[in-house]
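Below is one structure; the comments refer to it alone.
Throughout, read-outs are computed from the coordinates displayed, never taken from laboratory work. Worth saying up front: this structure is predicted, and the values here are computed from it rather than measured. Heads up, the Cβs are rebuilt from the backbone with ideal geometry, glycines too, and the neighbour counts pull from every protein chain shown.
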Amino acid sequence: MITAKGLYKRYRKTVAVDRLTFDVRPGVVTGFLGPNGSGKSTTMRLMLGLDHGEGETLFDGAKFTDLRRPMDKVGTLLEAKPFHPTRSARNHLRMLASANGVTDKRVDEVMELVGLGTVKKKKPKGYSLGMAQRLGLAQALLGDPRILLLDEPTNGLDPHGIHWMRDMLKHLAAEGRTIFVSSHLLSEMQLMSDELVVVGRGKMIFNGDVDRFVREFTQSTVIVRSPTAEGFVPALETAGAEVTKGAEGELVVSGLEIGAVGHLAFTEGVELSELSTRSASLEEAFMSATGSSEEFVAAEPPAAPATEKTDGADHA
């Protein structure tokens, strides 16, 4: 269990982390989301005692800095390439293992686990970003910890690597471990995460179940297909629904639950060829929840110039 209480960090006049309090439960993957500049990396550094600030974080009741052998309790990945430039990948892990009482056998186990067994004698300075992420995860897993804190672990991975990372973290969570992971890949986080901590400008926006986050910050719609769809619109609007027409002629209904739409169709004698619910995505919920917290807002791209049409052949 991770318990964070009142985490606070200020850089001169800028508050980077503003009194964040949350729990991360074992047995699930908890995603840590927020726009760029929202304080996610600073929060993780505060949790581990790597930044000076206020508040405290307890890992199974103890501060990270008070753990005698922290690698056995908490595995971390905060940067992709914190490696010695002349040491091989295996020797890099052996050095860390020796300082924490971990055997060479475990070093080889984790290198095989993350898919680097065939390149363990190479120097990490020649690794791609994706390979460096795998080595970082191997480092986090060295002590076989019950808690993992991972900052953007899928950064630089190809689609196969992302799929592997997702399955790996869900497997570790299923073993009862506590997984706290940040990422900007929202479609991947929707597949990976069970719970969320969402922040914006250092403030807490949401802490809870993924499905509840999507429901709270978006609105599900009901899809209606009917040979007499146009004639059904007035009855839907009278019942309080908002109705728009979809790209393929279907009715997109908001403001009424699917059961109410179905009952209304029955009472109005409307033939239905489809009645379904379209749920919003995590990305849509994230954009809705954090839009006002976005720090770096780019200008809209200029509109494409209109193309002039001419009759006949072009003339040089």
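A few points about this structure:
- GNM result for the chain, Cα springs below 10 Å: residue of L282, L191, L142 fluctuating most strongly: L191
- Residues of segment 201-230 with amide N under 19 Å of the 7 Å Cα→Cβ point at S276: 219-229
- Helix-only arithmetic for the chain: the sum of -39500 (n - 2.57) across DSSP H runs with n ≥ 4, divided by the residue total, places the mean residue ellipticity at 222 nm at -10000 deg cm²/dmol.
- DSSP-defined antiparallel bridges as percent of all bridges, segment 2-216, nearest 5: 55
- Gaussian network model of the chain, Cα within-10 Å springs - most flexible of V261, V199, V110: V261
- Seen from all directions on average, the chain presents a Cα convex hull projection of 26.6 nm².
- Taking Cα centre as origin and charging only the Cβ of basic (Lys, Arg, +1) and acidic (Asp, Glu, -1) residues, the dipole magnitude of segment 146-216 rounds to 220 debye.
- Taking label points 7 Å from Cα along the Cα-to-Cβ direction, H263 and N155 give a separation of 5.1 nm.
- Compactness relative to 2.2 N^0.38 Å, alpha carbon Rg of segment 143-301: 1.37
- Dipole magnitude of the chain about its Cα centre (Cβ charges: Lys, Arg +1; Asp, Glu -1), debye to nearest 20: 2600
- Farthest positive-ward along the chain dipole, Cα basis, beta-carbon charges - from G130, H171, L46: L46
- Maximal additional length on extending the D209-A239 stretch stands at 7.7 nm, based on 0.36 nm per residue less the C-alpha distance.
- Subset of K13/K40; K5/K63; K13/K203; K9/K170; K105/K170; K5/K203 violating a 20 Å alpha-carbon distance limit: K9/K170; K105/K170
- Near the amide H of T178, within less than 5 Å, lie the amide hydrogens of G27, I147, L148, all on another chain or at least 5 residues away, with H placed in the peptide plane.
- Modelled spin labels at T21 and M168, positioned 7 Å past Cα toward Cβ, are 3.6 nm from each other.
- Put the Cα centre of segment 1-63 next to the Cα centre of segment 233-275 and the gap is 45 Å.
- With 0.36 nm allotted per residue and the present C-alpha distance subtracted, the E56-E284 stretch has 78.8 nm of extension available.
- Build a GNM of the chain with springs between Cα atoms under 10 Å apart, and of F217, F266, F22 the one that fluctuates most is F266.
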